[in-house]
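Participant: Input: one structure, supplied below.
The values are calculated or read from the model by the stated rules, or taken from the named source; none is laboratory data. Every value quoted in this text rests on a predicted model; they were computed, and no experiment measured them. All Cβ positions, even for glycine, are placed from backbone atoms using ideal geometry, and neighbour counts span all protein chains on display.
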Amino acid sequence: MRQQGQRRRVLETPGVAGLAGVVFALLLSATIVLLRLGIPEGADAVTAGGFTDAGRRDALHAALVLVPFAGIFFLWFVGAVRAYVGAAEDKFLATVFLGSGLVFTATMFGAAAVVQAVLAVGHPTGTAPDLSTWDFGRHFAYTLMTEYATRMAAVFVSSLSMIGHRLGVLPRWLSILGFLTALTLLFAASNVPWAELVFPAWSLLLSLYVIAAGGRSGAPATAAP
């Protein structure tokens, strides 16, 4: 009876991991898009005049509302994946996987806090902050998002892809796609606008696969005593 209960809980984990991953991917995609629209780069970001645009302010406020929920579902996704892998996971890769996920979440929250600070320096009527404050906050937020958060996401993706490949939880094509995603996040996200969207795209694909193939995966058998 005890073994049957443990197997049942393990078999239920893929669905939980997949659902949490889908919600996280959708929330993170929406957050990135709203941040990109609300705090543009290039010629539109030279001055703080765009701050007075109601559409951009609304986009930023919406992104700030979504960020905490994206972080919550991401942590739920990480925990469910670790439970799915079970005792068979490699301790070194598992530590890197968990640590990079936690640092990614903290960095994402930090970027959101910077955006909130930029919004707070303007008057309630929408008056733009002074140029130095706007420029500092914009660069700080984008640096956290494209330089640090994306690289932690790259470590997260590569370690999970390696774990999935070694244990046979993920098919070869999905593991290779994960490594390509990690390379993109490492070397292209900081220079190519919108490249950070490959992370939620990969998370969505992985989650859909886990939902579809979780019941047929060989990993639960290794996790059960």
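Participant: Of the residues in region 145-171, how many are among the basic types (K, R) and under 18 Å from A189 (Cβ atoms)? Step through it out loud before you land on a result.
Facilitator: Keep residues of region 145-171 that are among the basic types (K, R), which gives 151, 166.
Filter once more, so that each one left must be under 18 Å from A189 (Cβ atoms): 151.
Matching residues across region 145-171 total 1.
Participant: Now, a different point. Can you tell me which condition R82 does not meet? The list is (1) in contact with an Asp or Glu (Cβ under 9 Å, 6 or more places away or on another chain); (2) exposed (fewer than 15 other Cβ atoms within 10 Å of the Cβ); (3) charged (D, E, K, R), and all the others hold.
Facilitator: (2)
Participant: Of the residues S203, S159, which single one is at pLDDT 90 or above, buried (at least 16 other Cβ atoms within 10 Å of the Cβ), in contact with a Gly (Cβ under 6 Å, 6 or more places away or on another chain) and part of a helix (DSSP H, G or I)? Break it down stepwise before answering.
Facilitator: Values: S159 fails: in contact with a Gly (Cβ under 6 Å, 6 or more places away or on another chain).
Answer to the selection: S203.
Participant: Would you check if G164 is at pLDDT below 90 and in a helix (DSSP H, G or I)? So that I can check it myself, show each step before the final result.
Facilitator: Numbers: at pLDDT below 90: yes; in a helix (DSSP H, G or I): yes.
So G164 fits the description; yes.
Participant: Identify, from the list T181, T146, the residue that is buried (at least 16 other Cβ atoms within 10 Å of the Cβ) and at pLDDT 95 or above. Please lay out each step first, then the result.
Facilitator: Working: T146 fails: at pLDDT 95 or above.
Checking each option against the conditions leaves just T181.
To keep it simple, each residue is scored yes or no on (1) assigned to a helix (DSSP H, G or I); (2) among the aliphatic types (A, V, I, L, M); (3) modelled with pLDDT under 90; (4) under 26 Å from H165 (Cα atoms).
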site: L28; (1), (2), (3), (4): yes, yes, no, yes
site: L34; (1), (2), (3), (4): yes, yes, yes, no
site: H61; (1), (2), (3), (4): yes, no, yes, no
site: Y84; (1), (2), (3), (4): yes, no, yes, yes
site: L93; (1), (2), (3), (4): yes, yes, yes, yes
site: G99; (1), (2), (3), (4): yes, no, no, yes
site: H123; (1), (2), (3), (4): no, no, yes, no
site: T127; (1), (2), (3), (4): no, no, yes, no
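Participant: Hey, another quick one. Scan region 158-185 and report the pairs whose first residue is closer than 21 Å to F104 by Cβ and touching a residue at least 12 places away in the same chain (Cβ under 8 Å) and whose second residue is of a type in the set (D, E) and not in a loop (DSSP other than H, G, I, E, B), with Cβ atoms within less than 8 Å and a gap of 6+ or a chain change.
Facilitator: Partner pairs satisfying both residue conditions: L185/E196.
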